[in-house]
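As structure tokens, the structure follows; a few thoughts come after it.
The values are calculated or read from the model by the stated rules, or taken from the named source; none is laboratory data. As the structure is a computational prediction, the values presented were derived from the model and not from experiment. Methodologically, a virtual Cβ is constructed for each residue, glycine included, from the backbone with ideal geometry; neighbour enumeration extends over all protein chains shown.
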Amino acid sequence: MGYVAVKGGAAAIENAEKFSLVRRAGGASALLKPEQIREQLHFAVDRVMGEGSLYAPDLAALAFKQAAGDTFEAAFILRSYRTTLPRLGYAEPIGTDGMRVIRRISAAFKDIPGGQILGPTPDYTLRLLNFDLQEESSSRTRQQIRQLFQDAQRQDPLPERFPKVVEMLRREGLLETRRRGSGGGDGLVDITRQALSFPAPRSAQLQTLARGETGGLLALAYSNMRGYGSVHPVIGELRVGFLPVSYKNPLSGSIERLGEIQVTEAEVISRIAAAEGSALFSLGYGLCFGHNETKAIAMAVLDRAMACEEPAAPSEDQEFVLTHVDGIESMGFCNHYKLPHYVTFQSELDRLRNIQTGQRPTEETRS
Amino acid sequence: MDKSNRRNQKNFRSLLTAMSRPGRVFRLEAVGAVSPLAAAMAVGQCLLDPEVSLCVTGNGGSLALQAALVGGTQARVESLETADFIFVCGVQSQGNVRLAKRGRLESPEEGATLVYCMDSQPACASDRFRIRLTGPGIAEQAGIAPEMRGVPVEEFKELMEVNADYPLGVDAVFLRPNGELMALPRSTRIHVR
């Protein structure tokens, strides 16, 4: 027997929900507004959108507020909401070379066409607590921002398109062409409609990684980087920016622009091991909603790692990776252990007592 | 989120609640006496989109309802045998429920959902107390009588037969123009006295 229905405790359950409200909003400070979260805690909002697989900054901020800052819960709430929405159509394919870039770097080449654009990042900042933020002056901060924009006007405007860095390698014939159909076929599948089966097509792999949990992706990718795998990545290009989303109007047939989404894209270059074929570089690809560089890089490393013909480490085994990176599934499974297991545990207890007293167990029980 | 989206979310939640509490009557929001099709449209807007198929059957108003649902949701029109959602104008499917798809053992979710769009007033004498409903979502061990009046015993018998091979079967929603709804998911066991 696995589980039994537990009756009673309904009032306690309702009170538990009410106490959560006290925990979130029972303090003396002003209640958070979702727009404050969306603007000032944008990394959290982006993470919730990516893992919830719905691009909706306002709703992700609301979910983050409702979940009191728990990104797992917030992504869960947002993904549940997503399932209630009508599917009105499919966007046209988007080329990321047309991205309106706010940040673009390459660790492979110093001089790249269009230049390196550092953009907004804490990468080059010392990780020291900034005590000035404790009493941040709104007027002084706004003055700083005004000054920054005034100085920026004196700079040359950014080009509209930035060529892809990895295209330089591709033109020289140094990049491996990914074998068509590797990983189970070329067809574009939708993982929200078809359950994953293995070997999964690359479209299913990338979709699963794109909505994977940042920490889960990072842990597996890190294991590969540290030596439990063969990918030694160099970041060919990392971009953060906005992509136009267009849609073919089914009534008029014309292509209409719906708006923009912010994404982070990473292309990592890795040398193919001698045993795997000729001397070429191969590419790993990562793309996720919002500004989340760690996730995009980890995704790209895992994409490359899973292309190995014969997995020698967990991070190279697509079944292992794809079934463990979803935050909502893993969080749900982890937390289901909090549900009553009274009967299964009682049977284990009886069994153990019987063994200790030298009696044979009367019944085989497994949970 | 605009007003209609918010209303759809609330109505979706009401449908979920109704499916979780079979045999009980709940109410959709913002369905007034504006149009006789308003309640059916409210359900359609929660459940239909261009990816699913629809069939409207029954007498009186089925063409108007089909036009409204297709116009409002872009759902595809298909035959009774293949449609994902079947809207029945009236309270009796005239045996059509037997033609609805019941899913496959590997994919029971492919079974159709039926929405009975009933009249305001019960068309026939209610003998709902001859019916007992038991199963998930019904706390009473002895079962309950369906709260909505006016569903003929014959239709319960049809559903009982179609849902005999659980998890294969159909899910049904009974709807009144004022927005009252009662759900009978396929997991509900129907007993007729």
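Data overview
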item: One residue from A:Glu39, A:Glu35, A:Glu14 being without any contact (Cβ under 8 Å) to a residue 24 or more places away in the chain, assigned to a helix (DSSP H, G or I) and over 20 Å from the mean Cα position of the chain (by Cα); result: A:Glu14
item: Residue list for the stretch A:58-103, restricted to those being of a type in the set (Phe, Trp, Tyr) and under 20 Å from A:Arg257 (Cα atoms); result: A:Tyr90
item: Residues of the stretch B:128-150 satisfying the condition of being closer than 24 Å to B:Pro177 by Cβ, in contact (Cβ under 8 Å) with a residue 60 or more places away in the chain and either touching a Cys at 6+ places or on another chain (Cβ under 9 Å) or surrounded by fewer than 17 Cβ atoms within 10 Å (Cβ to Cβ) (or both); result: B:Ala145, B:Glu147
item: Residue selected from the stretch A:273-306 under the condition under 24 Å from A:Pro163 (Cβ atoms) and at pLDDT below 90, by the criterion surrounded by the fewest Cβ atoms within 10 Å (Cβ to Cβ); result: A:Leu280
item: Matching entry among A:Glu309, A:Glu256 (being more than 14 Å from chain B (Cβ to nearest Cβ), assigned to a strand (DSSP E or B) and at pLDDT below 95); result: A:Glu256
item: Criterion: of a type outside the set (Phe, Trp, Tyr), within 13 Å of another protein chain (Cβ to nearest Cβ), surrounded by fewer than 23 Cβ atoms within 10 Å (Cβ to Cβ) and in contact with a strand residue (DSSP E or B) (Cβ under 9 Å, 6 or more places away or on another chain) - qualifying residue of B:Pro36, B:Pro50; result: B:Pro50
item: Per-region count, the stretch A:48-97, residues free of Cβ contacts under 8 Å to residues at least 24 places away in the same chain, more than 14 Å from chain B (Cβ to nearest Cβ) and among the aliphatic types (A, V, I, L, M); result: 1
item: Residue match in the stretch A:214-226 (condition: within 24 Å of A:Val48 (Cα to Cα), surrounded by fewer than 16 Cβ atoms within 10 Å (Cβ to Cβ) and charged (D, E, K, R)); result: no
item: So B:Phe87, is it away from chain A (no Cβ under 11 Å), surrounded by 22 or more Cβ atoms within 10 Å (Cβ to Cβ), of a type outside the set (A, V, I, L, M) and over 23 Å from A:Arg82 (Cα atoms); result: yes
item: Options A:Arg103, A:Arg79: the member that is touching a Pro at 6+ places or on another chain (Cβ under 7 Å) and basic (Lys, Arg); result: A:Arg103
item: Where A:Arg103 falls short, out of the listed (1) touching a Ser or Thr at 6+ places or on another chain (Cβ under 7 Å); (2) within 30 Å of B:Glu51 (Cβ to Cβ); (3) touching a residue at least 60 places away in the same chain (Cβ under 8 Å); result: (2)
item: Filter pass, B:Glu147 being assigned to a loop (DSSP other than H, G, I, E, B) and of a type in the set (Asp, Glu); result: yes
item: Count of residues meeting criterion [crowded, with 18+ Cβ neighbours inside 10 Å and either away from chain A (no Cβ under 14 Å) or farther than 22 Å from B:Leu37 by Cβ (or both)] in the stretch B:62-79; result: 3
item: Residues that are surrounded by 12 or more Cβ atoms within 10 Å (Cβ to Cβ), hydrophobic (A, V, I, L, M, F, W, C) and over 30 Å from A:Arg271 (Cβ atoms), drawn from the stretch A:144-174; result: A:Leu158
